[in-house]
1. Would you call A338 surrounded by fewer than 17 Cβ atoms within 10 Å (Cβ to Cβ) and touching a residue at least 40 places away in the same chain (Cβ under 8 Å)?
2. Condition first: modelled with pLDDT of 95 or more, outside any strand (DSSP E or B) and open to solvent by 10 Å² or more (accessible area, probe 1.4 Å). Can you find one or more residues in the range 136-143 that meet it?
3. What's the number of the condition H194 fails, among (1) under 22 Å from V43 (Cα atoms); (2) in contact with a Ser or Thr (Cβ under 9 Å, 6 or more places away or on another chain); (3) assigned to a loop (DSSP other than H, G, I, E, B); (4) open to solvent by 20 Å² or more (accessible area, probe 1.4 Å)?
4. Residues of the range 274-293 being without any contact (Cβ under 8 Å) to a residue 24 or more places away in the chain and not in a helix (DSSP H, G or I), which ones?
5. Mind listing just one residue for me: the one in the range 91-103 that is touching a residue at least 60 places away in the same chain (Cβ under 8 Å), over 10 Å from D327 (Cβ atoms) and more than 25 Å from the chain's Cα centre (by Cα) and, of those, most open to solvent (accessible area, probe 1.4 Å)?
6. Does L35 satisfy the criteria of being open to solvent by less than 50 Å² (accessible area, probe 1.4 Å), without any contact (Cβ under 8 Å) to a residue 40 or more places away in the chain and assigned to a helix (DSSP H, G or I)?
7. Applying the selection to the range 112-135, what residues are buried (at least 24 other Cβ atoms within 10 Å of the Cβ), in contact with a Gly (Cβ under 6 Å, 6 or more places away or on another chain) and not in a strand (DSSP E or B)?
Amino acid sequence: MIVLGIETTCDETSCSIVKNGSEILSNAITSQIDLHAEYGGVVPELSCRRHVDVLIPVLKQCLAEANLSMDKIDLIAVAYGPGLIGALLIGVTAAKTLSLALNRPFIGVNHVEAHLYAALMSEKTPPEFPCLGIVLSGGHTTIVLMHDIGRYSLIGETIDDAIGEAFDKVGKQLGLHYPGGPQIEALAHKGDKHRFPFKPGKVKEKPFHFSFSGLKTAVLYTINGQNSQMVEPLPLTEQNMQDISASFQHAALTDVVDKVIVAAKKYHCKTLVFGGGVTNNQELRKLVAEKAPSLQALWPPFGLSLDNAAMIAGLGYHCFLKKGCGDSLELNALTRIAF
């Protein structure tokens with residue numbers, strides 16, 4: 001089955017062609033980092049306009065790379081949420097239009113589920129279920145119990161900032177360009193992670209939930225000073241920036257890894273399935289290897305960790321087989337989708 005995937009949930013426009021859920025024939029991605037960098041974050045209106053401008057060229061690019069024509073497509077899969085509503089509508093409308101024009105079924109895919117599937121696409125044999133799924137990105141911080149592909153139970157999620165969002169906001173406080181996450185990781189490599197006693201928030205009676213807002217604020221007070229305690233602002237010297245980055249990163253990542261280990265033990269999971277752009281962080285991978293050597297950790301390849309259409313097409317294949325048919329044209333884009 002040849003599946004065309006479409007991804008427009010936020011600030012990447014992507015089209016991909018995947019065969020039988022795993023063989024990637026093409027995966028064209030256009031990023032919008034250049035567009036949003038001067039604002040320090042994604043501007044939804046600008047994001048939507050860029051999707052409109054580039055979606056057709058990206059579609060043509062993915063077809064050319066796969067050396068296929070549209071009449072060879074068997075199924076159209078599209079991310080219908082979660083994400084920015086305007087951006088989602090562009091992708092969903094394109095998928096519906098192609099479905100009508102080609103007389104091919106289309107199916108909506110949960111973008112967050114697809115991030116988890118990205119780590120499974122290159123695995124020749126599926127993992128032993130149940131697995132623990134961990135999505136760490138700019139918009140999501142979620143832990144789920146994976147009963148099978150397409151069947152999940154929510155265990156924990158952030159109640160405020162996503163971890164990637166917290167990295168970017170701390171980067172902005174340090175005067176770094178957007179996105180700040182990779183730059184913080186680079187600075188942290190040279191810093192003292194124990195210099196500043198940053199601590200992530202705890203969510204009462206929900207041990208697997210996350211809260212990074214307070215951690216982000218602690219960094220802000222460290223930089224700007226705490227007048228109530230007569231603490232002066234901290235000069236943003238290179239060493240101070242490195243130590244702040246290291247201390248912040250250590251606190252945030254340790255919180256994630258510690259909760260993941262406890263959850264894996266509680267739910268008898270032998271395999272951890274990671275997804276999302278933050279999984280590119282090498283310190284995160286190092287912590288998982290050091291703290292959970294007995295657990296199998298599956299990571300998405302670099303090209304599939306950020307938003308992309310290959311994971312949408314791959315998961316769409318399985319969704320279609322399980323459902324036995326495509327979705328109705330009445331399917332709506334959704335900013336939030338509960339597990």
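The values are calculated or read from the model by the stated rules, or taken from the named source; none is laboratory data. Not measured: the values here are computed from a predicted model. Cβ sites come from the backbone with ideal geometry, for glycine too, and all protein chains shown count toward neighbours. Surface areas here come from the heavy atoms of the whole protein model, side chains and all, with no ligands, DNA or RNA. Shrake-Rupley method; radii C 1.70, N 1.55, O 1.52, S 1.80 Å.
1. yes
2. no
3. (1)
4. Scanning the range 274-293 gives a single hit, P293.
5. Residue satisfying both the conditions and the ranking: L100.
6. Yes: the conditions hold for L35.
7. Across the range 112-135, the qualifying residues are H115, L116, Y117, A118, A119.
To keep it simple, each residue is scored yes or no on (1) of a type in the set (S, T, Y); (2) more than 17 Å from the chain's Cα centre (by Cα); (3) open to solvent by 60 Å² or more (accessible area, probe 1.4 Å).
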site: T9; (1), (2), (3): yes, no, no
site: L25; (1), (2), (3): no, yes, no
site: V54; (1), (2), (3): no, yes, no
site: P57; (1), (2), (3): no, yes, yes
site: C62; (1), (2), (3): no, yes, no
